[in-house]
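Please read the structure below before turning to the comments.
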Amino acid sequence: MKSGVSILGIFVADTAYLAPRMPALGETITGSGFSVGPGGKGSNQAVAAARAGAEVSFISKIGRDTFGDLALKTYEQAGVTTKLTIMDDQPTGAAFIYVNDSTGDNAIIVYAGAAGTIDVSDVEAAQETIAQSAVFVTQLEQPVEAALHALKIARSAGVTTIFNPAPAEAFPAEMYRLCDFIIPNETEAATLVGFPIDTLDDAQSAGDVFLSRGVGVAIITLGARGVLFHAPGESVHVPATSCGPAIDTTGAGDAFVGGFASALSRGAGPLQAVRFGCATAGIAVTRRGTAPAMPMLSEIEAVMAR
Ligand code: ATP
């Protein structure tokens with residue numbers, strides 16, 4: 001019997017450097033702070049879904065190095081089952097994040113490392129994990145051919161598919177028809193449909209475009225305005241869940257996707273799962289960090305019961 005959530009994606013170690021400005025080429029400057037923590041959309045979504053009560057398998061590749069150890073420790077703590085290939089000749093992915101210490105603006109370099117080599121044969125090796133799960137989730141941080149192949153496996157096994165088309169990169173049109181749910185944020189949705197999304201009407205028009213391309217349901221996340229759930233014959237605006245002042249919205253989208261997938265895998269209907277995803281993200285934005293900010297099931301249930 002199918003159960004749980006399988007996720008194909010990448011892990012990167014987020015290394016954040018605070019400084020008054022970016023150094024010029026050839027220059028060294030003194031920073032004012034540093035942190036290192038687990039990141040990568042798929043990895044964050046896996047942690048969010050596991051903490052939110054799902055059995056989660058995370059499919060990826062990491063290197064045999066210090067950042068790889070950070071990944072393994074993250075999954076052990078969150079209770080995520082790892083389906084990881086550990087490579088000897090590639091580093092674990094890492095992100096350099098420069099954060100301006102007065103404005104908070106950032107500039108980022110991401111290198112996917114081992115996860116950037118995920119190919120169709122790696123996905124084939126994970127076929128059983130995908131086919132046995134109730135819900136499959138992927139994004140676009142690993143090579144697109146791998147995401148496409150995994151969605152095909154999930155669809156032909158009757159697994160509910162969720163595609164988070166982030167970052168906004170080009171992908172083959174056939175991927176739309178493999179999605180039970182597509183979950184872009186408003187910027188990604190605007191890039192995909194080719195017009196800006198400023199109002200709920202715009203989001204509904206974008207939802208119509210996604211449906212015409214073959215997705216089952218489009219769920220467009222709208223930041224503090226919540227989510228537009230757009231299914232054939234049913235379009236519902238679900239407001240964001242406020243759980244206190246938002247102090248760090250990084251990873252809000254990953255919290256939403258992880259919470260949504262968790263609720264679906266445990267039998268919730270799609271709209272109920274959207275509300276659960278909003279509660280998950282609503283709590284996460286009140287805490288610093290990405291993976292460490294993801295709430296536990298009991299916390300989400302307490303918010304849902306209000
Ligand atoms: P990120 O790229 O930072 O991970 P995103 O752009 O993918 O985020 P958003 O649309 O900003 O995703 O947010 C996802 C969900 O998180 C929203 O649909 C909403 O439910 C919740 N959320 C975001 N910001 C807030 C906020 N300020 N207060 C409450 N909930 C929020």
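Each value in this text was obtained by applying a stated rule to the coordinates, not by laboratory testing. Computed from a prediction, not measured in an experiment: that's the story for all the values here. With ideal geometry, Cβ positions are generated from the backbone for all residues, glycine too; neighbour counts draw on all protein chains shown.
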Open item on the list: Placing +1 on the Cβ of each Lys and Arg and -1 on the Cβ of each Asp and Glu in the chain, which of N185, G31, F276 has its Cα farthest towards the positive end of the resulting dipole?
Closed with: F276
Task: Distant-in-sequence amide H partners of D14 (H built 1.01 Å from N, under 5 Å) - done: G37, G39, A95
Open item on the list: With a cap of 13 neighbouring Cβ atoms within 10 Å, and only residues DSSP puts in a loop, list the GluC sites (Glu not before Pro) found in segment 1-85.
Closed with: E27
TODO: Arrange V36, V135 by Cβ neighbour counts within 10 Å, fewest through most, would you?
DONE: V36, V135
Task: Point-charge dipole on Cβ atoms (K/R +1, D/E -1) for the chain, about Cα centre, debye to 20 - done: 700 debye
Task: Neighbour-count ranking [beta-carbon atoms within 10 angstrom, fewest first] of R64, R213 - done: R64, R213
TODO: Compare the Cα positions of Q77, I130, Q90 along the charge dipole of segment 61-166 (+1 at Cβ of Lys, Arg; -1 at Cβ of Asp, Glu; about the Cα centre) and return the one farthest towards the positive end.
DONE: I130
Task: Share, in percent, of DSSP beta bridges within segment 64-209 that are antiparallel, nearest 5 - done: 55 percent
Task: Check: segment 65-127 dipole with +1 on Lys, Arg Cβ and -1 on Asp, Glu Cβ, in debye - done: 180 debye
Task: About the Cα centre, charge dipole magnitude for segment 128-214 (Lys/Arg +1, Asp/Glu -1 at Cβ), debye - done: 400 debye
Open item on the list: Can you sort D69, D198, D14 from fewest to most other Cβ atoms within 10 Å of each residue's own Cβ?
Closed with: D198, D69, D14
